[in-house]
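Heads up, the thing below is written out as structure tokens.
The values are calculated or read from the model by the stated rules, or taken from the named source; none is laboratory data. As the structure is a prediction and not an experimental result, all values here were calculated from the model. Note that each Cβ is placed from the backbone with ideal geometry, even for glycine, and that neighbours are counted across all protein chains shown. Calculation scope for accessible area: heavy atoms of the full protein, side chains included, ligands and nucleic acids excluded. Shrake-Rupley method; radii C 1.70, N 1.55, O 1.52, S 1.80 Å.
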Amino acid sequence: MSTPLRILVPIKRVIDYAVKPRVNKAQTAVETAGVKHSMNPFDELSVEESVRIRERGGVPVDDILAFTAGPAKAAEVLRTAMAMGADRGIHVEVDPEKDGGELEPLGVAKLLKAVVEKEKNNLVILGKQSIDDDAGQTGQMLAGLLGWPQATQASEVKFSAESGEVTVTKEVDGGVETLRAKLPMIITTDLRLNEPRYASLPNIMKAKKKKLEKKTLADYDVDVGRRLKTIKVTDPPPRQGGGKVDDVDGMIAKLKDLGAI
Amino acid sequence: MDIEDIQIYVETPDSPRLDPTKQMPSWILLITFMGTRKLSSNHVQYFKQLLGSESAVIDGVSKDASADLEAFNCDWLRKYRGHTKLVLRPKSTEEVSKIVKYCNDNMLAVVPQGGNTGLVGGSIPVFDEIIVSTARMNSIRSFDEMSGILVADAGCILEVVDQYLAGRSHIFPLDLGAKGSCHLGGNVSTNAGGLRLLRYGSLHGNVLGVEVVVPDGTIVDELSTLRKNNTGYDLKQLFIGAEGTIGIITGVSILCPQRPQAVNVAYLGLESFGKAQLAFREAKRHLSEILSAFELMDGISQELVERVAKKKPPLEGKHPFYCLIETSGSNKEHDDEKLEKYLEFVLSNDIISDGVLAQDETQVQSLWSWREGIPECLNHWGGVYKYDVSIPLPELYQLVDDTRERLSSAGLIGDDESLPVVGVVGYGHMGDSNLHLNVPTRRFDRDVEKELEPFVYEWIQKRNGSISAEHGLGIAKKPFIGYSRSRKMLDMMKDIKKLYDPNGIMNPYKYI
Ligand SMILES: Cc1cc2nc3c(=O)[nH]c(=O)nc-3n(C[C@H](O)[C@H](O)[C@H](O)COP(=O)(O)OP(=O)(O)OC[C@H]3O[C@@H](n4cnc5c(N)ncnc54)[C@H](O)[C@@H]3O)c2cc1C
């Protein structure tokens with residue numbers, strides 16, 4: 001019998017993937033007021049994968065815990081995660097205004113370590129990055145802090161019931177890499193891992209009855225002190241307008257001019 | 001359809017009138033002979049001098065310009081083909097006025113053309129009429145953020161205008177699949193309905209004024225920016241939906257609402273059309289002012305989309321009917337709360353069997369694709385017989401059932417390649433009682449046509465429905481107008497046409 005899984009799925013509320021972000025006037029950050037927010041798309045993959053691990057059977061799953069640290073509205077993404085199939089949620093309320101800015105990856109990783117220890121998780125599935133700051137560090141730092149094996153950018157996750165081992169396939173430049181590790185471990189998810197389900201109405205209703213605990217940073221007693229200062233945020237340079245050529249010869253001449261051939 | 005299949009009946013001022021409901025065979029093209037003249041190179045010379053610039057005239061009279069003319073001579077459905085030899089692209093209302101006056105004086109026929117996305121062949125010349133394109137008249141003249149009133153040239157592209165408004169927290173009161181190409185002038189001339197009609201109402205209400213060049217060349221400046229103006233007949237309404245038959249619209253003034261901050265989309269599975277009606281009634285009750293779309297899709301429409309687009313459907317099981325509900329409002333928390341109450345109500349009262357709620361913008365768009373993708377997916381097998389009709393809501397879907405029954409008993413439907421009909425599909429703007437009855441076929445087939453027409457038109461006539469809810473008449477529906485309008489109404493329409501266009505130069509052979 002393999003050990004039952006206690007999965008932790010950290011998720012983040014970010015500006016919706018389909019919204020074009022605008023830099024604020026002071027060039028200190030991206031404008032967030034009045035902008036549509038949703039769950040970080042990579043985190044949807046983590047939630048989906050956790051639920052599929054349970055649905056596939058093979059290994060028993062005792063608990064799927066969705067966790068977020070963020071402003072009051074971040075509770076919405078926990079409800080979404082629970083509607084998708086997470087069992088319960090923990091929301092550490094962090095108000096960037098009052099708490100000295102957004103958490104940094106290291107702060108989040110320390111917080112997650114404390115959660116893992118308290119909740120006795122043996123598997124953490126995170127998105128490989130969050131699309132707002134694109135740092136792509138939290139999973140790796142958490143693995144370091146916990147001293148657990150990690151498999152990043154997963155495109156397939158398989159459990160072996162007999163050996164209790166996890167096989168993770170990841171896409172790398174020009175091919176795939178397959179890793180095997182024993183629990184406990186960290187997995188970060190990549191786009192091709194799965195196609196997240198819609199939140200069905202019956203499950204949205206059920207999710208309302210699931211437990212959502214509100215906590216504060218003080219409850220975990222970790223140092224989330226900021227080490228980075230954002231100097232300036234700017235838009236990418238506007239795209240240079242293209243030119244038209246009349247024929248193939250014109251194109252070749254142009255490419256030569258540009259030194260491209 | 002081959003050209004030989006069309007029977008051409010040329011109606012002259014003296015010929016007896018046909019009653020389309022009684023005497024029309026299925027494929028007949030009713031052509032009213034207007035006595036307009038042929039184009040000569042002298043005419044072309046006049047236009048070249050008038051418009052000055054090279055790019056303003058596409059001249060196929062004095063030289064071969066067929067490649068450049070192609071895009072103007074062929075419609076979006078690739079169903080109609082015109083033979084124009086001259087396209088004029090004026091830049092100002094004054095130029096339009098001079099073009100039209102000259103055409104009227106010289107008895108030259110004219111077809112106004114916007115984005116050429118019309119679905120009834122209205123923007124395509126029947127013979128070699130001159131095309132007057134609004135493409136180069138594309139400035140936004142003014143926008144008042146306080147009142148939301150926009151004044152713009154007729155040739156502005158809908159999507160461009162909507163983007164402009166988005167930057168000013170407003171929205172154009174019309175949205176449709178062709179927004180990237182269609183022009184405001186074309187939208188107003190077809191009185192386009194689209195996806196937001198349920199919420200913002202028809203252009204008959206939102207258009208506050210128009211600037212039109214009437215067939216004698218006079219510029220009628222009715223570009224009012226007043227919401228209220230009860231001083232005489234509201235003649236601008238005549239031009240909304242006139243499909244270019246009594247003048248060329250050169251400018252419009254339109255009331256634009258505040259852009260909604262919060263948009264939600266739910267996709268529901270239902271057991272029957274009766275349940276869909278209940279769901280609609282409850283949606284109006286619970287969601288009233290934030291309800292912005294209520295769309296119906298039948299089971300087969302979604303199965304065909306799944307088969308063609310090879311996508312995973314939003315719901316686990318299969319359902320006979322699906323509805324897509326959209327809410328748009330100013331406060332997300334309020335909207336979420338209302339929508340949740342509604343969804344809980346319809347779910348716990350067994351009005352709906354299942355459903356999903358989009359959690360992010362990507363899901364919003366992908367749920368919409370199950371509705372918006374239907375027309376394209378139906379084209380997959382070959383031709384599609386399309387009927388865009390208005391029917392009183394309780395019987396809206398009955399037409400689909402009856403048509404399916406009819407084609408089944410004629411032995412024409414099936415999965416077998418030898419059978420012409422793939423299926424009978426119903427979907428549409430349920431919130432506006434507007435059904436799209438579509439019959440995707442493996443090939444156009446006379447027997448299918450005979451079963452469909454005049455059956456469909458007669459069916460609609462019996463229920464006092466409309467044979468063309470939003471796409472208009474153009475050339476495609478002209479023969480069938482008698483099923484939806486009385487002789488008296490038709491006569492009054494013809495009187496108007498004669499009054500404003502005595503020479504019959506504006507978009508001839510079409511409409512009425
Ligand atoms: C993908 C797709 C989706 C669509 N969805 C909808 C929908 O949901 N609802 C709906 O109602 N329609 C829909 N339509 C059809 C709709 O009528 C057109 O898309 C649009 O309103 C026409 O605008 P246009 O500029 O392309 O006009 P055109 O096709 O160029 O012209 C249409 C008619 O108006 C006349 N006209 C054009 N400009 C002027 C002018 N300035 N003055 C006088 N007459 C003029 C033309 O002579 C012609 O008779 C759809 C079409 C497509 C291709």
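State whether the residues of the stretch A:61-75 include one that is within 18 Å of A:GLU119 (Cβ to Cβ), touching a residue at least 12 places away in the same chain (Cβ under 8 Å), open to solvent by 50 Å² or more (accessible area, probe 1.4 Å) and away from chain B (no Cβ under 13 Å). Scanning the stretch A:61-75 turns up at least one residue that is within 18 Å of A:GLU119 (Cβ to Cβ), touching a residue at least 12 places away in the same chain (Cβ under 8 Å), open to solvent by 50 Å² or more (accessible area, probe 1.4 Å) and away from chain B (no Cβ under 13 Å).
Residues that are within 23 Å of the chain's Cα centre (by Cα) number at least 3 in the following strands (runs of 3 or more DSSP E) confined to the stretch B:116-221: B:130-133, B:149-153, B:207-213.
Selection over the stretch B:246-282 of residues that are within 14 Å of chain A (Cβ to nearest Cβ) and within 26 Å of the chain's Cα centre (by Cα) gives a count of 8.
Within the stretch B:159-176, does at least one residue satisfy the condition of being open to solvent by 10 Å² or more (accessible area, probe 1.4 Å), more than 14 Å from chain A (Cβ to nearest Cβ), under 20 Å from B:PRO112 (Cβ atoms) and near the ligand (Cβ under 8 Å from one of its atoms)? Yes: one or more hits. State yes or no: is B:GLY411 on the phi > 0 side of the Ramachandran plot, buried (at least 22 other Cβ atoms within 10 Å of the Cβ) and of a type outside the set (S, T, N, Q)? Answer is no for this residue. Just a yes or no: is a residue in the stretch B:121-140 near the ligand (Cβ under 10 Å from one of its atoms), more than 14 Å from every other protein chain (Cβ to nearest Cβ) and open to solvent by 30 Å² or more (accessible area, probe 1.4 Å)? Yes, the stretch B:121-140 has at least one match. The residues in the stretch A:27-52 that are more than 14 Å from chain B (Cβ to nearest Cβ), at pLDDT 90 or above and either in a loop (DSSP other than H, G, I, E, B) or surrounded by 22 or more Cβ atoms within 10 Å (Cβ to Cβ) (or both) can be counted, and the count is 3. Candidates B:LEU296, B:LEU324, B:LEU315: the one that is outside any helix (DSSP H, G or I), crowded, with 21+ Cβ neighbours inside 10 Å and in contact with an Asp or Glu (Cβ under 7 Å, 6 or more places away or on another chain) is B:LEU324.
Among the criteria (1) within 16 Å of the ligand (Cβ to nearest atom); (2) away from chain A (no Cβ under 14 Å); (3) open to solvent by less than 10 Å² (accessible area, probe 1.4 Å), the one B:LEU304 does not fulfil is (1). Within the stretch B:334-363, work out how many residues are at the interface with chain A (Cβ under 9 Å from one of its Cβ atoms), in a helix (DSSP H, G or I) and not small (Gly, Ala, Ser). The number of residues fulfilling the criteria is 9. In the stretch A:128-139, the qualifying residues are those that are in a loop (DSSP other than H, G, I, E, B) and small (Gly, Ala, Ser), and the one that is nearest to the chain's Cα centre (by Cα) is A:SER130. Would you say B:ILE325 is more than 10 Å from chain A (Cβ to nearest Cβ), at pLDDT 95 or above and within 30 Å of B:ARG442 (Cβ to Cβ)? For B:ILE325, the condition - more than 10 Å from chain A (Cβ to nearest Cβ), at pLDDT 95 or above and within 30 Å of B:ARG442 (Cβ to Cβ) - is not met.
Taking the stretch A:76-101 as the range and being open to solvent by 20 Å² or more (accessible area, probe 1.4 Å), over 18 Å from A:ILE125 (Cβ atoms) and either of a type outside the set (D, E, K, R) or touching a Lys or Arg at 6+ places or on another chain (Cβ under 8 Å) (or both) as the test, the residues that pass are A:GLU76, A:ARG79, A:GLU93, A:PRO96, A:GLY100, A:GLY101. Anything in the stretch B:48-98 that is part of a helix (DSSP H, G or I), more than 12 Å from the ligand (Cβ to nearest atom) and open to solvent by 50 Å² or more (accessible area, probe 1.4 Å)? List them, or say none. Answer for the stretch B:48-98, where residues must be part of a helix (DSSP H, G or I), more than 12 Å from the ligand (Cβ to nearest atom) and open to solvent by 50 Å² or more (accessible area, probe 1.4 Å): B:LYS48, B:GLN49, B:GLU54, B:SER55, B:SER66, B:ALA67, B:ASP68, B:GLU70, B:GLU94, B:LYS98. The residues listed here are B:SER189, B:SER202; of these, the one that is within 7 Å of the ligand (Cβ to nearest atom), open to solvent by 10 Å² or more (accessible area, probe 1.4 Å) and within 23 Å of B:GLY474 (Cβ to Cβ) is B:SER189.
Number of residues in the stretch B:222-259 that are within 12 Å of the ligand (Cβ to nearest atom), open to solvent by 20 Å² or more (accessible area, probe 1.4 Å) and part of a loop (DSSP other than H, G, I, E, B): the value is 1. Taking (1) open to solvent by less than 40 Å² (accessible area, probe 1.4 Å); (2) more than 9 Å from chain A (Cβ to nearest Cβ); (3) touching a strand residue (DSSP E or B) at 6+ places or on another chain (Cβ under 8 Å); (4) modelled with pLDDT of 95 or more in turn, B:LEU367 satisfies each apart from (2).
Is it true that some residue in the stretch B:390-406 is buried (at least 18 other Cβ atoms within 10 Å of the Cβ), within 12 Å of chain A (Cβ to nearest Cβ), touching a Phe, Trp or Tyr at 6+ places or on another chain (Cβ under 7 Å) and aliphatic (A, V, I, L, M)? No, because not a single residue in the stretch B:390-406 is buried (at least 18 other Cβ atoms within 10 Å of the Cβ), within 12 Å of chain A (Cβ to nearest Cβ), touching a Phe, Trp or Tyr at 6+ places or on another chain (Cβ under 7 Å) and aliphatic (A, V, I, L, M).
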